[in-house]
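Taking it in order: structure first as structure tokens, then the write-up.
Nothing in this text is a laboratory measurement; each read-out follows from the coordinates by a stated rule. What you are looking at is a predicted structure, and each value in this text was computed from that prediction instead of being measured. Please note: Cβ atoms are built from the backbone with ideal geometry, for glycine as well, and neighbour counts cover all protein chains shown.
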Amino acid sequence: MTFDPETTTFLIAGPVRIHPRVLRAMSMPSLNHRGDYFHGVVGEIRELLPVLFGAKGRQLILSGSGTSGLEAVYSSLVPKDRRTLVLSNGNFGERTDLIVRRYSSSVTTISAPWGQPLPAEQVHAELAKGDVGAVCVVHNETSVGLANDLTAIAPAVRGSGALFLVDGISAVAGIPVEIEKWGIDAVVAGSQKGLAAPAGLALVHLSERAAAALHPGTFYLDLAAHLKSLEKNDTPWTPAVPLFLALREALLLLKEEGLATRLERTHRLAEASRAAVDALGLSLFPERRHASDTVTAIRNPEGLGDAELRKVLERQYNILVQGGQGALTGKIFRIGHMGIADWPDLLVTFAALERILGKAGRLPAPGRALAAIVERMP
Ligand code: PLP
């Protein structure tokens, strides 16, 4: 077998595999983005967005990858006259810090080593000082395969009156995000993760409080301008029309499956992946209790670099997984199992890993990883 992008088992940490219905939805002739048909599409998307977020609120669609949503939120909600707290324990936490510092000169960053949980006590202590206007956190740190426990900080953030701004790019439709219960004011989702739409759109949920607090940020990503246009199912600038068509279809698929069912499947795939990693004699990168359900990050096998491992998976078995990012480049590999990923994807991937490690004389017990998955199948 050789690598074939059309048939590959595609398990990177997002973008994820796209359902053929979603792909077909994009093959429409050009549409007038100011015409009734397209406004109807936007209207349908607006009705479907609460299915994705599991909550109602002010919800927006931005043409641009997930980072555009982050830039929109931070530039227009990070307060100018109060301190902003940034919480960071991975590559995307560090990027949050970079973005927020473009828009505020009063930022305190609380960090934990990559792969370790955030120090909730330290967050509480900073909030108790009473001058924090916003807290920015990555819910699911895709770079290290870790889900941050927002329940450990949400009541304190709420109690402090600070805006709670969450990067949910790989969390939304992947792990439970309790927007209302936790009092989240803004959450950004990426189209290419749990939703399984193509990359290139950011979906933003705002609380009423956040919508009222918007101040002008960047011009292109001005959330107030987007909200105003959206009232008429319109966008301020030319939208990525084919991606909107794909988004509508991906949201319909999610509605048909149900958000709870998608989260449950993602969780079961994650549990099976973690058990299979143990059976391969490998170890998870993040602290196990905090391992993410959307992506499993695994330390490289001893004596085998992930670049080499991934090359064999790709060229010999037509399977794509992902390497590490930033400081973890060359140290870990990551298997994404969100969106429409399913049991056959895991079986074939771990079968190939068993074979590769077996050939290298590094497999503790043949068949165990596959058995670990089969035992957890529904
Ligand atoms: N934040 C998180 C948690 C992510 O996983 C990603 C992408 O993987 C991003 C931010 C950046 O999103 P994008 O590459 O879509 O701009």
Kyte-Doolittle at least -1.0, axis length at least 27 Å by Cα - qualifying DSSP helices, the chain: 259-279
Computed E for GLU308/ARG288 - FRET, C-beta separation, R0 41 angstrom, nearest 0.05: 0.95
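Can you tell me the order of 71-81, 316-326, 298-308 when each peptide is scored by its average per-residue count of other Cβ atoms within 10 angstrom, highest first?
Values: 71-81: 21.5, 316-326: 19.1, 298-308: 16.2.
Ranked from most to least packed, the peptides come out as 71-81, 316-326, 298-308.
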Percent of beta bridges antiparallel (DSSP, the chain, rounded to nearest 5): 50 percent
Cβ-based charge dipole, the chain, positive-most Cα from GLY303, GLY367, PRO5: GLY303
GNM flexibility winner over the chain from HIS205, HIS267, HIS33 (Cα, springs under 10 Å): HIS33
Environment charge of ILE356, counting only residues whose C-beta is closer than 11 Å and scoring Lys/Arg +1, Asp/Glu -1: +3
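Ranked highest first by average number of other Cβ atoms within 10 Å, how do 47-54, 258-265 line up?
Result, highest mean first: 47-54, 258-265.
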Unsatisfied cross-links (Cα-Cα over 30 Å) in the set LYS232/LYS255; LYS193/LYS232; LYS255/LYS331: LYS255/LYS331
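What is the packing order of peptides 285-291, 131-137, taking the mean over residues of other C-beta atoms within 10 Å and listing the highest first?
Numbers: 285-291: 17.1, 131-137: 23.1.
Ranked by mean Cβ neighbours within 10 Å, highest first: 131-137, 285-291.
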The chain - Kirkwood radius from inverse mean 1/r over Cα pairs (Å): 21.3 Å
Counted charge near ARG265, where neighbours are those whose Cβ lies closer than 12 Å (Asp, Glu -1; Lys, Arg +1): -3
Local net charge near THR151, Cβ-Cβ under 13 Å (Lys/Arg +1, Asp/Glu -1): 0
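Starting from the Cα gyration tensor of region 67-126, multiply each eigenvalue by 5, take the square root, and state the resulting semi-axes largest first in whole Å. Write down the numbers at each step before the final one.
On the way: eigenvalues 78, 44, 13 Å².
Those come to 20, 15, 8 Å.
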Value of [θ]222 nm, deg cm²/dmol, for the chain, DSSP H segments ≥ 4, -39500 (n - 2.57) each, nearest 500: -13000 deg cm²/dmol
Rel. contact order, % - alpha carbon contacts under 8 angstrom, at least six apart, the chain: 25 percent
Selected from ILE179, GLN322, LEU165, residue furthest toward positive end of dipole (the chain; charges at beta carbon): GLN322
